[in-house]
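To start, the structure under review is shown below, and the notes come after it.
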Amino acid sequence: MEESEKGSRISGFYKLSIQERLAELNRRVGLAADELAALSGSAGLRLEQADHMIENVAGVYALPLGIALNFKINGQDVLVPMAIEEPSVVAGASFMARLARAGGGFSASVTPPEMIAQIQILDSADLPSARLAILETKSALLAEALEIDPVLKLLGGGPRDLEVRLIDDSPIGPFLVVHLIFDVRDAMGANAVNTAAERLAPRLAQLSGGRVHLRILSNLADRRLARARCTIPLSELAFEGYSAQEVRDGIIAAWAFAAADPYRAATHNKGIMNGVDAVVIATGNDWRAVEAGAHAFAARNGRYTALSAWGKDAQGNLVGSLEMPMAVGIVGGATRVHPAAQANLKLMGVESAARLAEIIVSVGLAQNLAALRALATEGIQRGHMGLHARQVAIAAGAQGEQIERLAEQMVAEKLVRIDRAQEILKSWQP
Ligand code: MEV
């Protein structure tokens, strides 16, 4: 097994204690004491920090943080932190990253970090003329927008384009919408584009002879896309009683179901978001924004469909790809304030929003593969059962070594239910 001192392959990681795992991560990545404390939960987010983040703070809410292993993305190894409550997700991503690694890992890319601000203009008397008046002033409007955020300007970001759309089929009749395209560099960008939209509003009202109503970003960030691809060598796909061809064709048939049917596509994409959201959350990013963008993008052609695609290459290997909007940042907001988010970015060695987006979309693709491989073969429940059983054991009141023992017994009995767990626990009482 190839395992470097610094890489993302760590054999037997799951068998280590949490302290040993942290020590191993530290050995590979070199984390400061406060970063280690942030990861291990003791200083993940202090109450007073939380109190500055939202209103009426009464506490903090914790989630398990697991580390996905084996990821190689654009030739570089990366340890991926995932904040998620669902069992099997971290193990699934790690296992699929291992299969993808055998085919060279993931190749990922992003488009420029361009967000869209929407400005709704009502009550223009002559919509086509108002539209032209705005378009004729485009250069001046873009020049004005460039001065709104001097820091972003310095970093090479700022307005890129301005479009005017005529919405003619709405419940209140026709109106205009201006799209301001804004390069937000390493930020998620909501603040930057919302500010720009609000600042340009009076000038747009004047030019259009109308009244500006909404001024807000669009979460359908279809100009800020992240893409990942991977090739799984056919030889990696066989397992237990399943031939490699059977697994590969089963995965392709499972994807075809999602490509053709919105009921299946919703679940298929949910599996992708299991991976995507876990990293988005671990880095303090806005997972609702990423979710909204993903599902709107999945329906962009008028019918909701799968975000990923699976097929085979000329050699018969399995090839997968995923393309989706990815509005994530590494500066501003919770990414900067939340100590665990900072430690997680450091763990990944992420120094740009682009690299973060490439990692996230690769994890999404790996997660999708994990689900399809299980569904196309033994079903999802077998892998799920062990961890689920542990959660049921804890909920039933098991403690310490009892947890593992109780979980094992329930799995052996193929009956993982809280009433059964309580019954077994009672039978163990002296
Ligand atoms: C469960 O969280 C996710 C899956 O349902 C995804 C899928 O069906 O593809 C297993």
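Throughout, read-outs are computed from the coordinates displayed, never taken from laboratory work. This is a predicted model, so every value here is computed, not measured. Cβ sites come from the backbone with ideal geometry, for glycine too, and all protein chains shown count toward neighbours.
Annotations
- ARG336 versus ARG46: modelled label distance in nm, points set 7 Å from Cα along the beta carbon direction: 1.9 nm
- Rounded to 5, percent antiparallel among DSSP beta bridges of the chain: 95 percent
- Positive-pole candidate from ALA259, GLY210, MET273, dipole of region 202-296, charges at beta carbon: GLY210
- Put in line by how crowded their Cβ is, counting other Cβ atoms within 10 Å and starting with the fewest, TYR61, TYR304, TYR14, TYR263 read TYR61, TYR263, TYR14, TYR304.
- Taking 0.36 nm per residue of separation and subtracting the Cα-Cα distance, full extension of the segment from ASN56 to ILE18 would add 10.4 nm.
- Computed FRET value (nearest 0.05) for VAL29 with SER139, which takes r as the C-beta separation and R₀ as 41 Å: 0.30
- Build a GNM of the chain with springs between Cα atoms under 10 Å apart, and of GLY284, GLY349, GLY271 the one that fluctuates most is GLY349.
- Estimated FRET transfer efficiency when R0 is 25 angstrom, pair LEU415-GLN245 (beta carbons, to 0.05): 0.10
- Cα-based shape type of region 9-123, given that a ≥ b ≥ c are square roots of the gyration tensor eigenvalues and the cut on a/c is 1.5: oblate
- Note on GLU401/GLN76: beta-carbon distance plugged into 1/(1 + (r/R0)^6) with R0 of 41 Å gives a FRET efficiency of 0.55.
- With Cα atoms, 0 to 90° folded angle of helix 353-375 axis to the chain main axis: 50 degrees
- For PHE71, PHE182, PHE13, PHE95, order by how many other beta-carbon atoms lie within 10 Å, fewest first: PHE13, PHE95, PHE71, PHE182
- For region 382-428, radius of gyration divided by Kirkwood radius, i.e. Rg to Rh on alpha-carbons: 0.91
- Relative to the current alpha-carbon distance between GLU85 and GLN381, full extension at 0.36 nm per residue lengthens the span by 104.9 nm.
- Taking 28 Å as the straight-line reach from the Cα of LYS138, the lysines in range (excluding those fewer than 8 positions away in the same chain) are LYS153.
- Computed over neighbours whose Cβ is under 13 Å from that of ARG223, the net charge equals -3, Lys and Arg +1, Asp and Glu -1.
- Residues SER427, SER208, sorted so that the one with the fewest Cβ neighbours within 10 Å comes first: SER427, SER208
- Rounded to the nearest Hz, the phi-derived 3J(HN,Hα) couplings of region 136-144 under the Karplus curve 6.51 cos²θ - 1.76 cosθ + 1.60 (θ = phi - 60°) are 5, 9, 3, 4, 5, 5, 5, 5, 5, where x marks glycine and proline.
- If you take the Cα centroid of region 259-285 and the Cα centroid of region 21-54, the two points sit 26 Å apart.
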